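Please read the structure below before turning to the comments.
The values are calculated or read from the model by the stated rules, or taken from the named source; none is laboratory data. Remember, it's a predicted structure, so these values are computed and weren't measured experimentally. No Cβ is skipped: glycine too gets one built from the backbone with ideal geometry, and neighbour counts run over all protein chains shown. Heads up: the accessible areas ignore ligands, DNA and RNA and are worked out on the full protein's heavy atoms, side chains in. Shrake-Rupley method; radii C 1.70, N 1.55, O 1.52, S 1.80 Å.
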Amino acid sequence: MAGEATRAARKAGGTGAPVQIDTEGLSGALRRGTVKKSVAAIHIGGKLTLLQRKLSNVLLLNAYDTLLSNQVHRIDARTLCLMIGYNSNDIDSLRDALRGLAETVAEWDMLDEKGRQEWGVSALLAHARLRDGVCDYAYSPALAEKLHDPRVFALINLDIQRRFTSGHGLALYENCYRFVRTGSTGWWPLEVFRRLMGVDDSDYYRSFKHLNAKVIKPSVEEVNRSSNIMIEPEFKRMGRSVTELRFLIRENPQLAMLDIDDGQAVRSQPVYERLRGQGVSDRLARQWIAEHGAEDVTAKLDWVATKEGVRSPVGFLRAALDKGWDAAGEGAAPKAVPASEPSAEARAAAEARAAQKAEEEAEIDSRAARRAARVARFGAVAEAARRRNPTQRDADRRLMLSQLDGELEREDFRRNGWESALNARAIFGFWEEMQPGLFEGLPELPPE
């Protein structure tokens, strides 16, 4: 099953650039962008390929709300392809991945609600079917119960998972992210780690030297490069042999630079639409919702809508949020009354303040647009690089390195490769020349 993602990208045709998902066209759980994965779900998926792991996350996200009440779950096959991260009208790779999930045995070993040890086994999917452009699928009742277990879970961000290009990297991310609040995974015996990575049945990886070189180091590098956390391995030895390892975890400070969290979860809320309808900018709407909460902003919107004689509803809403005005109680705002005609000087000053405010918000929105365009291009570059064979990839990196002038730029490229934010313009120019049309259909990259 290795290489499904690559085959899918080749079959898709076009540039192979990552698909920008229009969340307005999605419904229900798919608009969230994150999926709760119970400890059982994370620990049983080690042997999944990258495409199968991404697919299992999207299927679980789609089914989660009705996991225990519905026996069969449905999703549009085209939407499913987009959510996995490739644009393909060819369903062959999707069929292969679904078949792999149905053929993969899930095993869990955990404590039940009474503290008793529970072991179980099940196929990851009880069935999957593609018919008339729709995928329907089912989980066994026992596995559905474990997948829905709300006691311990991780929120897997689907925007982040699309950035991963290896199954080991995504598996390590999933197993580490649920410990982000504690700062460490705790010590895992090597045999447990091999099972989590799906290499426990390989004699080759029984050698720690091979495990470290081929699984641990590349996976750590990919997690640190592609996700919202940074991890660092530590090893426990007995004599000269490594017997256990753990990962220290912290938030990734580069997350804002790559804008992985693009605010789609906030934009999907009704209160965001109401704010935008009032003329509030995208940035300010998301800021108010984040600072005050959707419920409070909604209440203030409802209250402001009842006021008469308000010349600037947005300004009045800003004051209501900042000063805690409400319909009744302490701190309630005085009744709005029509203001007297302002002087020419006052009007000029107000217009100047409004113009300055508009200019500041336009600059913020422009920076957001630049980040979004950069993210889309970095994704296209990652996909293009992945389709090259190892010899070509080495040659591409050497050629790119030779075109960079400063040692600082070269060092950043050595460390971050094709995701070097410092060399973004140079990287985009390199690939534009290498593969003309690679960035067609992506947002324009505004000038710095």
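Would you check which residues across segment 84-111 are modelled with pLDDT under 65 and either closer than 19 Å to L143 by Cα or basic (K, R) (or both) and list them? Before the answer, list the steps.
If we filter segment 84-111 for residues that are modelled with pLDDT under 65, which is where we start, we get 86-90, 109-111.
Result: D109, M110, L111.
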I'd like the residue in segment 69-83 that is aliphatic (A, V, I, L, M) and outside any loop (DSSP other than H, G, I, E, B) and, out of all such residues, is modelled with the highest pLDDT. I75
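Any idea how many residues of segment 364-396 are part of a helix (DSSP H, G or I) and in contact (Cβ under 8 Å) with a residue 24 or more places away in the chain? Full working, then the answer.
Of segment 364-396, the ones part of a helix (DSSP H, G or I) are 364-386, 390-396.
From the residues that got through so far, the ones that are in contact (Cβ under 8 Å) with a residue 24 or more places away in the chain too are 364-366, 368-386, 396.
The qualifying residues number 23.
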Among (1) under 17 Å from the mean Cα position of the chain (by Cα); (2) more than 19 Å from S420 (Cα to Cα), V223 falls short only on (2)
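How about segment 283-302: which of its residues are of a type in the set (A, V, I, L, M, F, W, C) and either open to solvent by 20 Å² or more (accessible area, probe 1.4 Å) or outside any helix (DSSP H, G or I) (or both)?
Here is the first cut: in segment 283-302, the ones of a type in the set (A, V, I, L, M, F, W, C) are 284-285, 288-290, 294, 297, 299, 301.
If the condition is that a residue be of a type in the set (A, V, I, L, M, F, W, C) and either open to solvent by 20 Å² or more (accessible area, probe 1.4 Å) or outside any helix (DSSP H, G or I) (or both), then A290, A294, A299 are the ones that fit.
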Expected output for segment 207-220 (first residue farther than 14 Å from F247 by Cβ and small (G, A, S), partner open to solvent by 60 Å² or more (accessible area, probe 1.4 Å) and at pLDDT below 95, Cβ below 6 Å, 6+ apart or cross-chain) is none
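Check segment 203-212 and report whether any residue there is among the hydrophobic types (A, V, I, L, M, F, W, C) and either more than 17 Å from the chain's Cα centre (by Cα) or not in a helix (DSSP H, G or I) (or both).
yes
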Would you say L445 is open to solvent by less than 80 Å² (accessible area, probe 1.4 Å), modelled with pLDDT of 70 or more, more than 24 Å from V220 (Cβ to Cβ) and not β-branched (V, I, T)? yes
Name the single residue, out of those in segment 245-282 being at pLDDT below 70 and within 30 Å of N212 (Cβ to Cβ), that is surrounded by the most Cβ atoms within 10 Å (Cβ to Cβ). L258
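State whether one or more residues within segment 407-428 are more than 25 Å from N224 (Cβ to Cβ) and either touching a Ser or Thr at 6+ places or on another chain (Cβ under 7 Å) or outside any loop (DSSP other than H, G, I, E, B) (or both). Steps first, answer last, please.
Of segment 407-428, the ones more than 25 Å from N224 (Cβ to Cβ) are none.
No, segment 407-428 contains no residue that is more than 25 Å from N224 (Cβ to Cβ) and either touching a Ser or Thr at 6+ places or on another chain (Cβ under 7 Å) or outside any loop (DSSP other than H, G, I, E, B) (or both).
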Index of the failed condition, K217 passing every other in (1) touching an Asp or Glu at 6+ places or on another chain (Cβ under 9 Å); (2) modelled with pLDDT of 90 or more; (3) basic (K, R): (1)
Those residues that are crowded, with 19+ Cβ neighbours inside 10 Å and at pLDDT below 80, I need them from segment 178-205; list them, please. R178
Considering residues of segment 208-228 that are among the hydrophobic types (A, V, I, L, M, F, W, C) and open to solvent by 30 Å² or more (accessible area, probe 1.4 Å) only, the residue nearest to G167 (Cα to Cα): A213
Quick check, is L399 at pLDDT 90 or above, assigned to a helix (DSSP H, G or I) and open to solvent by 40 Å² or more (accessible area, probe 1.4 Å)? yes
Restricting attention to segment 415-431, the residues that are over 19 Å from R371 (Cβ atoms) and either modelled with pLDDT under 85 or touching a Leu at 6+ places or on another chain (Cβ under 7 Å) (or both) number exactly 1
For segment 126-142: of the residues being closer than 17 Å to T66 by Cα and touching a residue at least 40 places away in the same chain (Cβ under 8 Å), which is surrounded by the most Cβ atoms within 10 Å (Cβ to Cβ)? Y139
Considering only segment 356-371, I want to know if a residue exists there that is modelled with pLDDT of 70 or more and closer than 21 Å to E433 by Cβ. no
